1. How about the range A:81-91: which of its residues are under 20 Å from A:Pro190 (Cα atoms) and in a loop (DSSP other than H, G, I, E, B)?
2. For A:Ala39, indicate whether it is touching a helix residue (DSSP H, G or I) at 6+ places or on another chain (Cβ under 7 Å), assigned to a helix (DSSP H, G or I) and either aromatic (Phe, Trp, Tyr) or crowded, with 24+ Cβ neighbours inside 10 Å (or both).
3. Part of a loop (DSSP other than H, G, I, E, B) and surrounded by fewer than 18 Cβ atoms within 10 Å (Cβ to Cβ) - does that describe any residue in the range B:61-68?
4. I'm trying to understand the selection: among the residues of the range B:153-173, which are in a helix (DSSP H, G or I) and either of a type in the set (Lys, Arg) or facing chain A (nearest Cβ under 7 Å) (or both)?
5. Name the residue, out of B:Ala110, B:Ala45, B:Ala139, that is out of contact with any Leu (no Cβ under 7 Å at 6 or more places or on another chain) and surrounded by 19 or more Cβ atoms within 10 Å (Cβ to Cβ).
6. Go through the range A:1-30 and report how many residues are touching a helix residue (DSSP H, G or I) at 6+ places or on another chain (Cβ under 8 Å) and in a helix (DSSP H, G or I).
Amino acid sequence: MDWRRFGFIAFIITILFSVVVLIGKAEISPVVIVTSMLATTIAVATPLTLGALCGVYCERAGVVNIGIEGMMLAAAFFGWLTAIYMNTVFGLAPMPSLLGGVAAAILTGGLLGLFHAVLSVTFKVDQIIGGTVINILAVGITGFLNRQLFFEKGSIFGGNVPHAPGVLPRIQIPLLADIPVVGRIFDQQPITFAAILLVIITHFVLFYTRWGLRTRSVGEHPRAADTVGIDVYFMRYANVIIGGMLAGLGGAYFTLESVPSFEPLMTNGRGFIALAAMIFGNWTPFGAWAAALVFGAAQALQINLQFFRESIPPQWAFLQISYVVGLAPYLLTMIILTGIIGKNIPPAADGQPYEK
Amino acid sequence: MQSSEERTSPQTKSIMRFLRPTLNALGVPLLAVLTAMIVGGLIIAFAGGDPFMAYIGLFQGALGSPRALSETAVWASPYIFAGLAVALAFRGGLFNIGAEGQLAFGAVMAALIGYALPGWLHIDLPAFIHIPLAVGFGALAGALWAAIPGALKAYTGGHEVINTIMMNYIALNLTSFLLNGPMRDPNPLNVIARTPGIAESARIPPIFSGFRVHWGFILALLVALAVWWLLWKTTLGFEIRTVGANPDAAKYAGIDTKRTIVLTMALSGLLAGLAGTIEVTALNYRHELGFSIGYGFDAIAIALLGKTHPLGVVLAALLFAAMRNGGTRMQFLTQIPVDIISVIQALILLFVAADAIIRYIYRIRAREERVVLTRGWGG
């Protein structure tokens, strides 16, 4: 991860923040605006960060995974479903229900990771097709079960959606969260904190442990790795499953941390943007996180513009069309992929099945 | 002196070359469909439904009456175009996940030409001019939408899988902006995001009065033939297939690979644009937000099920159309949500893509050559 990329990221985030500060400064002090933007950015970047980490594990081991979107969608649904079941059918308290939901989401992601590994490692299916199968399957299964379980007559919940047990509570980091104004940044929900922690852990695992060295070796040169006795298939299976579990946690963000409900297609391309973040981060955890924050900032801008809708000056009126701002993450992704902000170099054996 | 067999051989050979890959390849796709239906039946039973009633309803709704057949053909028209779009790109070594966006953009353009052009020109256009204009501009819009990721792929290496998906979301945002804003139907009774109805002169008529099946279906079949001709009978087609099979060899053989990649994507987008255009000019007579949700992904499954061959694509599109059309009747009969069709179609895609699974279950030996579909980020 070179400094040019971090510079570009800082530049884009500064621009996005400045827009909101310029619009809102008449009513609210810039410090408060920047703090609130930063807190929102970190929170909404969570599924992107986790999705990108999923990509890092998979692709460092040599398996392309474009099924992150589907993994997150399925995990969001089954996590939510589990939380509702535990809460309304088994009568558990909201907190254990939510934690059970998170566990179910991670399990769902892990199972889909296993599925992707079976397809791409054992059956040597074209990995991009395999990912597409996961995406389509996730849309179909979640849409079918959502309607079958909740909206059909005679279904388990008798045609009405029961209330989910809320969302995961905020956690305040001691001392840091007590700082006036800026403390807001350290007052987040658990999956957000977990994502940041996992970025650090992934960096350590990949670059400072034997496991990481083996993972990178099967992604760069599986033949050489095999020759020195590393089990290529096992490493690929394990890393794709780990990646799937991270994507599952990212899916839990949607229905257990962000809002207490499920909607069909609610991941809305976040899995693909996460993939772009991973590429822009040059397959490194910290790079991927930084790129995820850029996309998070674009989304935070969209959210914050809603607050200042009344006070937007006429020369900024075009920003009122939320569609224009909504395009930013997608355009940014395409610009990043051109490689004009630094060449993107994937692991050498990325996407290639290994024949023993 | 030549024997009669050899004299007639050019035509026969050409027909056989058209049929043989399909006949050879039929085994795995048929078993894939069968297996997906069985697994789908298990899911229906698991969710508390009756799989046999479901499939009876599906069959009745798809093929049980002249009206059902007509509706299946109506569903099949965009599927054939979109499936051909994805198949053509696959042949050129490109994975076009963006048929959805190209389709939507084509539909918007066709609708615009359809309802606004007579007003701009202040004349009533005759149908034989207005229809080709609307269809042509719709197709061009799709081509343009796909040429952008094509050019990015050729000249910067930006991967088309992600870029076409991004273009989908951009098309979705743009369409909802246009249909809620500048292109919204001004009729005071209108409460949804849709364009005004297109002029009578831009409407493609139905084939039989009383049924909705329209000439767009015939056009789809003709275009399938044209795609086959393009791929196997023209220099451009040869270049597309060579670049798809081995870009390095293509480069050394003197083919301009960058130009071919852009052209392949543009042609692919043209076909996807036609899918949206036909829906507007021959069926809905306007563009409405969200009518095309899912066509893009279905098109991938259709292209793969059809082994990326035009004839296979037509057959696969008819199957998918029958399932979509029959799904409504199935839901009516058994209260099983029509979404199960998406699950079955995803399973079909799974078993076709992972044909090793099918070969393993049914103990079939690998026969046909594998088509290289996609490559990693580097290629």
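1. none
2. Judged against the criteria, A:Ala39 is not a match.
3. Yes, that holds for at least one residue.
4. B:Lys153, B:Thr156, B:Val161, B:Ile162, B:Asn163, B:Ile165, B:Met166, B:Tyr169, B:Ile170, B:Asn173
5. Of B:Ala110, B:Ala45, B:Ala139, the one residue that is out of contact with any Leu (no Cβ under 7 Å at 6 or more places or on another chain) and surrounded by 19 or more Cβ atoms within 10 Å (Cβ to Cβ) is B:Ala110.
6. Within the range A:1-30, residues that are touching a helix residue (DSSP H, G or I) at 6+ places or on another chain (Cβ under 8 Å) and in a helix (DSSP H, G or I) number 14.
Yes/no matrix, rows are residues, columns are (1) within 14 Å of chain B (Cβ to nearest Cβ); (2) in a helix (DSSP H, G or I); (3) over 14 Å from the mean Cα position of the chain (by Cα):
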residue	(1), (2), (3)
A:Met235	no, yes, yes
A:Gly248	no, yes, no
A:Pro260	no, no, yes
A:Thr267	yes, no, no
A:Ile273	yes, yes, no
A:Ala276	yes, yes, no
A:Asn282	yes, no, yes
A:Ala290	no, yes, no
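Per-residue answers, yes or no, for (1) more than 18 Å from B:Ala147 (Cβ to Cβ); (2) in contact (Cβ under 8 Å) with a residue 60 or more places away in the chain:
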| residue | (1), (2) |
| --- | --- |
| B:Phe217 | yes, yes |
| B:Ala220 | yes, yes |
| B:Ala226 | yes, no |
| B:Phe238 | yes, no |
| B:Pro247 | yes, yes |
| B:Lys251 | yes, no |
| B:Gly254 | yes, no |
| B:Leu271 | no, yes |
| B:Glu279 | yes, yes |
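The values are calculated or read from the model by the stated rules, or taken from the named source; none is laboratory data. This is a predicted model, so every value here is computed, not measured. FYI the Cβ positions are ideal-geometry reconstructions off the backbone, even for glycines, and counts take in every protein chain you see.
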